[in-house]
Amino acid sequence: MSAGYQAEYKAKLCAPAEAVRFARSGSNISMGMALGEPPALLAALNEKIEAGNLTDIRLWYFHSMPAAAQTLLRYDMMDHVHPHCMFMGPTERALAERGEKEGRKVLNFVPVAFSDAPRLLSQHLQLDTFITTVSPMDKHGYFSFGTNNDYASTAARSARHTVVEVNKHMPRVFGDSMIHVSEIDAIIENHEPLFE
């Protein structure tokens with residue numbers, strides 16, 4: 001591995017709480033979908049909200065998983081997090097149903113074709129922060145988006161800040177699914193098994 005890329009990696013490597021420093025109140029944040037959802041970064045954002053240091057965020061995403069359901073997509077977070085989902089999964093349906101029973105709209109469904117999600121996230125709004133899970137860096141300084149090179153590569157490059165959660169369990173996928181360490185603002189490591 002190139003010493004230069006390794007030094008850049010180490011310079012950007014930090015704790016989850018520090019990595020989410022780019023997330024500011026009133027901003028547009030997007031997360032990788034499905035297995036690209038970064039559990040440690042979501043937990044750090046959740047802690048920042050609970051500490052009173054972050055509110056009124058608009059969360060843009062396609063398909064959520066349990067990590068989001070247990071953090072930012074909890075019903076008690078809906079005063080601070082405004083989900084903008086492009087796919088109504090079980091978590092979103094439960095949130096909408098509970099909100100409807102209580103007379104509040106807690107969810108914004110964004111009806112967009114899956115293939116149009118990259119354009120939505122790059123041309124129709126300004127993303128402040130994009131967070132996602134990636135495979136470990138190779139000797140040339142590249143990470144792979146792994147199972148989730150969907151809107152991730154576009155969102156990562158159009159957001160003002162891109163933060164990645166490196167997970168050794170995320171498979172390395174070839175093709176146009178790479179992002180270079182120079183394109184990333186902060187890196188954390190979290191090697192928990194991927195959700196099945």
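Points worth noting:
- Check: the stretch 28-91 dipole with +1 on Lys, Arg Cβ and -1 on Asp, Glu Cβ, in debye: 140 debye
- Cα convex hull, the chain: 107 Å³ per residue, rounded to a whole number.
- Rg and Dmax, both from the Cα atoms of the stretch 144-196 and both in Å, are 11.1, 31.
- Normalised contact order of the stretch 79-185, rounded percent, pairs of Cα under 8 Å and 6 or more residues apart: 25 percent
- Across the stretch 1-114, the relative contact order, built from alpha-carbon pairs under 8 Å that are at least six residues apart, equals 21 percent.
- For the stretch 62-175, dividing the convex hull volume of the Cα atoms by the residue count gives 118 Å³ per residue.
- Ranking Asn46, Ser135, Val163 by how far each Cα lies toward the positive end of the dipole of the chain (charges on Cβ) leaves Val163 at the top.
- Once you reduce the stretch 160-196 and the stretch 67-90 to the center of their Cα atoms, the two points are 22 Å from each other.
- For the chain, size of Cβ-based charge dipole, Lys and Arg +1, Asp and Glu -1, in debye: 240 debye
- Relative contact order computed over the chain (Cα-Cα under 8 Å; 6+ residues apart), in percent: 25 percent
- Residue ranges 53-66, 102-115, 81-94, 130-143 sort as 130-143, 53-66, 81-94, 102-115 when ordered by packing (mean number of other C-beta atoms within 10 Å per residue, highest first).
- Hits among lysines - C-alpha to C-alpha of Lys139 under 28 Å, sequence gap 8 or more where chains match: Lys10, Lys12, Lys168
- Here the translational diffusion coefficient of the stretch 52-97 follows from Stokes-Einstein with Rh set to the Kirkwood radius across Cα pairs; for 10 °C and 1.306 mPa s it amounts to 148 µm²/s.
- Local charge for Glu165 was computed over the other residues whose Cβ lies under 14 Å away, with Lys and Arg +1 and Asp and Glu -1, and equals -3.
- Per-residue ellipticity at 222 nm, computed for the chain from helices alone with -39500 (n - 2.57) per DSSP H run of at least four residues, works out to -7500 deg cm²/dmol.
- Farthest positive-ward along the stretch 26-134 dipole, Cα basis, beta-carbon charges - from Ala67, Val112, Met78: Val112
- Rounded accessible area per residue of the chain, 1.4 Å, Å²: 45 Å²
- In summary, the lysines within cross-link reach of Lys101, defined as a Cα separation below 30 angstrom excluding same-chain residues under 8 places away, comprise Lys48.
The values are calculated or read from the model by the stated rules, or taken from the named source; none is laboratory data. Since the structure is predicted, the reported quantities are computational estimates derived from the model, not experimental observations. Here Cβ is always computed from backbone atoms with ideal geometry, including for glycine, and neighbour counts include all displayed protein chains. Surface areas here come from the heavy atoms of the whole protein model, side chains and all, with no ligands, DNA or RNA. Shrake-Rupley method; radii C 1.70, N 1.55, O 1.52, S 1.80 Å.
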